[in-house]
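**Q** Attaching a single structure in structure tokens format; questions to follow.
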Amino acid sequence: MQIRDNLARVQERIAAACRRAGRRPEDVRPVIVSKTVVPERIREAYEAGVRDFGENRVQEAASKRPALSDLTVTWHLIGHLQTNKAKLARELFHWIHSIDSTRLADKVHQAAVCTGERLPVLIEVNLGGEVSKSGVREAEVRPLAEHILRLESLDLRGLMAIPPFSEDPEQVRPYFRRLRELARELESMGLPPSCLQELSMGMSHDFEVAIEEGATIVRLGTAIFGERNK
Ligand SMILES: *Cc1c(COP(=O)(O)O)cnc(C)c1O
């Protein structure tokens, strides 16, 4: 019941943030982050209506997936991907939010090419320039996007960011705004708007601000499943 209630509350908050921003709730897609969550509880969320789940580790996803193979859901890889796991990631995920190098893009492309289907991907941008975080610097986004556009098995959809953490979501707002501006700048430089439509930004503590700044995908774990065991 808890999960169902949490979902309802989150959906109300998404709707309210959309109203404030003059946006439509159907233009914001919540991806429910199930890292560290056991398959039984993931199934509970599925039964409450969730169809988009996010995991940040390929290995963890691989170990939980057999218990969930009967569910029809879209799985999103939201964590850093190592090139040696590209093939497994391709098998387990329908979206990859964390492309952050041409080498990784090439590997995922090679893994996807035999499927004959195009894999939706996002470029992860390291907006804060934090050395501890993955993602490309702003200046590298354009060349990487142009590279991905040449790989026919990848379907570039937009940008993703994990801004520096702050207790106060207002402190994070400029980063969310910057990601949206960056997408518009790339468009004005000639990149096709269709490859810049999605902005994956905002987590449990700051998703409303992210929506106000244009998020089309918010990634929510704690708000649905409660605090994770460390
Ligand atoms: C864990 C995680 C989330 C969800 O975080 P919550 O604060 O639990 O909502 C979102 N995005 C990424 C990349 C994560 O690793």
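**Q** Take segment 11-50 and flag every residue that is surrounded by 19 or more Cβ atoms within 10 Å (Cβ to Cβ) and either free of Cβ contacts under 8 Å to residues at least 24 places away in the same chain or among the β-branched types (Val, Ile, Thr) (or both).
**A** ILE14, VAL28, VAL31, ILE32, VAL33, VAL37, ILE42, VAL50
**Q** Would you point out the residue of segment 50-63, among those that are more than 15 Å from the ligand (Cβ to nearest atom) and more than 17 Å from the chain's Cα centre (by Cα), that is farthest from PHE93 (Cα to Cα)?
**A** SER63
**Q** Among the residues of segment 129-146, how many are over 22 Å from GLN82 (Cβ atoms) and in contact (Cβ under 8 Å) with a residue 12 or more places away in the chain?
**A** Qualifying residue count for the region: 3.
**Q** Same structure, new question: Output the number of residues of segment 208-224 satisfying the condition of being near the ligand (Cβ under 9 Å from one of its atoms), aliphatic (A, V, I, L, M) and not in a strand (DSSP E or B).
**A** 2
**Q** Please go through segment 208-224 and pick out each residue that is under 15 Å from ARG24 (Cα atoms), open to solvent by 10 Å² or more (accessible area, probe 1.4 Å) and among the small types (Gly, Ala, Ser).
**A** The answer is GLY214, and nothing else.
**Q** Tally the residues that are surrounded by 18 or more Cβ atoms within 10 Å (Cβ to Cβ) and either more than 15 Å from LEU156 (Cα to Cα) or among the acidic types (Asp, Glu) (or both), restricting the search to segment 108-120.
**A** Matching residues across segment 108-120 total 1.
**Q** Might you check whether a residue that is assigned to a loop (DSSP other than H, G, I, E, B), open to solvent by 50 Å² or more (accessible area, probe 1.4 Å), within 14 Å of the ligand (Cβ to nearest atom) and over 30 Å from ARG4 (Cα atoms) occurs anywhere in segment 147-155?
**A** So far as segment 147-155 goes, no, none of its residues is assigned to a loop (DSSP other than H, G, I, E, B), open to solvent by 50 Å² or more (accessible area, probe 1.4 Å), within 14 Å of the ligand (Cβ to nearest atom) and over 30 Å from ARG4 (Cα atoms).
**Q** Output the residues belonging to segment 57-80 that are surrounded by 14 or more Cβ atoms within 10 Å (Cβ to Cβ), without any contact (Cβ under 8 Å) to a residue 24 or more places away in the chain and in a loop (DSSP other than H, G, I, E, B).
**A** Answer for segment 57-80, where residues must be surrounded by 14 or more Cβ atoms within 10 Å (Cβ to Cβ), without any contact (Cβ under 8 Å) to a residue 24 or more places away in the chain and in a loop (DSSP other than H, G, I, E, B): just ARG57.
**Q** Further question on the same structure: Please go through segment 156-190 and pick out each residue that is within 16 Å of the ligand (Cβ to nearest atom) and part of a helix (DSSP H, G or I).
**A** PRO169, GLN171, VAL172, TYR175, PHE176, LEU179 - these are the residues of segment 156-190 that are within 16 Å of the ligand (Cβ to nearest atom) and part of a helix (DSSP H, G or I).
**Q** Another one. Might you let me know whether segment 30-47 holds any residue that is touching a Gly at 6+ places or on another chain (Cβ under 9 Å), more than 16 Å from the ligand (Cβ to nearest atom) and farther than 30 Å from ARG103 by Cα?
**A** no
**Q** If GLU227 passes every condition in (1) surrounded by fewer than 18 Cβ atoms within 10 Å (Cβ to Cβ); (2) in contact (Cβ under 8 Å) with a residue 40 or more places away in the chain; (3) within 14 Å of the ligand (Cβ to nearest atom) but one, which one does it miss?
**A** Only one criterion in (1) surrounded by fewer than 18 Cβ atoms within 10 Å (Cβ to Cβ); (2) in contact (Cβ under 8 Å) with a residue 40 or more places away in the chain; (3) within 14 Å of the ligand (Cβ to nearest atom) is unmet by GLU227, namely (2).
**Q** Right, here's the next one. Which of the residues spanning segment 81-102 are under 22 Å from GLU117 (Cβ atoms), open to solvent by 30 Å² or more (accessible area, probe 1.4 Å) and either touching a strand residue (DSSP E or B) at 6+ places or on another chain (Cβ under 8 Å) or small (Gly, Ala, Ser) (or both)?
**A** Across segment 81-102, the qualifying residues are ARG90, HIS94.
**Q** For residues that are surrounded by fewer than 19 Cβ atoms within 10 Å (Cβ to Cβ) and farther than 27 Å from PRO143 by Cα, scanning just segment 191-207, find the one that is nearest to the ligand (Cβ to nearest atom).
**A** The extreme case among them is SER204.
The values are calculated or read from the model by the stated rules, or taken from the named source; none is laboratory data. As the structure is a prediction and not an experimental result, all values here were calculated from the model. FYI the Cβ positions are ideal-geometry reconstructions off the backbone, even for glycines, and counts take in every protein chain you see. Remember, those area values only see protein heavy atoms, side chains included, never the ligands or the DNA or RNA. Shrake-Rupley method; radii C 1.70, N 1.55, O 1.52, S 1.80 Å.
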